[in-house]
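This report refers to the structure that appears directly beneath it.
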Amino acid sequence: MQQHVTVLIGEENQYTLQGITSFLQQQQNIEVVAYTSCPAQLINLAVEHKPQVIISSLHPPGATLAKACTQIKDMNVCTGLLVLNPIRTAQVEACFNAGAAGFVQPAEDGDKLIAAIKTVANGDNWYTGAAGAIITAMAKGKGLLARLLAIDLKLIALQCQGYNIRQIAEACHISTGTVTNYRRRFQARLGLRPHQVVAFAIEHGLNLV
C-alpha cells in the first residue's frame, strides 16, 4: 500500500504556486490540503491542517527565509519542510542550519518533486543537486565551493553531462548570454580555465544535477 502524504504549499509567485499545486493535485496518494501566497496565512494553515510536508519559499516582510524555516520547525506542525527555490549559497546554508529537510526548484522534474515529498514525509532529508553540493561543501569546509551560487552549481553539473551552452540555457530557462556570463564569473572565482571545469567538478562531487 502506497503512502498517503498531505502537503501545504506556500509561494509568492502565483504562476509557480498554481503550477505546483495543479501538478500535485493530479498525483495519487498526495493530498494538497491548502496553498497560499501569504506568509502569515501559511502559518495559520500549517496549524490548522498539520500537513506532513510543507513546501514553501515564503517569509514575513523583514525576515529571512531561514527565520521562516526556524519558525515552522519550532511550531512542530509538520514532518518536514522543503524549501522552494533557494537562490544563493548563503541562503541554502542558513535554511539547512534552520532545519530545512530539503530543497526543490520550481521547475523540478515531476518525479524528483514527488520523490522529495515522500522522502521528507518519511522523516528523511532530500539534499540533491546544487543545494546538496552546497551542503556537502559546507560540511567538508571547502572554501572554494563556498564561493559558488546555486545556479553556478547547476550550470557546472549540466556542463559535466555534456550539455552545450544552448541546452544549458534551455534547461535553466535563461539566455545563452546569461549562461556565458555566469560561467565566466564562477571560473574567475575558482581560478579555473574553461577546460578545467569538468575535472574540478568531478573531483569535488559537483557533476550530478
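Relative contact order for the chain: 15 percent, from Cα pairs under 8 Å spaced at least 6 residues apart, divided by residue count. Look at the dipole of the chain built from charges on Cβ: of Thr6, Ile30, Ser57, the Cα furthest out on the positive end belongs to Ser57. Note on Thr64 and Arg189: with the Förster distance fixed at 22 Å, the Cβ-Cβ geometry gives a FRET efficiency of about 0.40. Per residue, the chain exposes 51 Å² of solvent-accessible protein surface, assessed with a 1.4 angstrom probe and all protein chains in place. Against the chain, whose longest principal axis comes from its Cα atoms, helix 65-75 is set at around 30 degrees. For the pair Cys38 and Ala115, label points projected 7 Å from Cα toward Cβ lie 3.7 nm apart.
Look at the alpha carbon pairs under 8 Å that are at least 6 residues apart: their mean separation over the length of the stretch 29-126 gives a relative contact order of 24 percent. Across the accessible surface of the stretch 1-140, with the other protein chains kept in place and a 1.4 Å probe, carbon and sulfur atoms take up 48 percent.
In this rough spin-label picture, where each label sits 7 Å from Cα along the Cβ direction, the Gln18-Gln196 distance is 4.8 nm.
Only helical runs count toward this figure. For the chain, summing -39,500 (n - 2.57) over DSSP H runs of n ≥ 4 and dividing by all residues gives -15500 deg cm²/dmol at 222 nm.
If you take the Cα centroid of the stretch 157-186 and the Cα centroid of the stretch 1-77, the two points sit 31 Å apart. Label reach from Gln25 (point 7 Å along Cα→C-beta): in the stretch 83-121, no amide nitrogen lies under 15 Å.
In the chain, Rg over Rh equals 0.99, where Rg is the alpha-carbon radius of gyration and Rh the Kirkwood radius from pairwise Cα distances.
Ranking Tyr182, Tyr15 by solvent-accessible area of protein heavy atoms (1.4 Å probe, all protein chains present), from largest to smallest, gives Tyr15, Tyr182.
The values are calculated or read from the model by the stated rules, or taken from the named source; none is laboratory data. These figures come from a predicted structure and were not determined experimentally. Cβ atoms come from the backbone with ideal geometry, glycine included; neighbour counts cover every protein chain shown. The accessibility values were calculated without ligands, DNA or RNA, using every heavy atom of the protein model including side chains. Shrake-Rupley method; radii C 1.70, N 1.55, O 1.52, S 1.80 Å.
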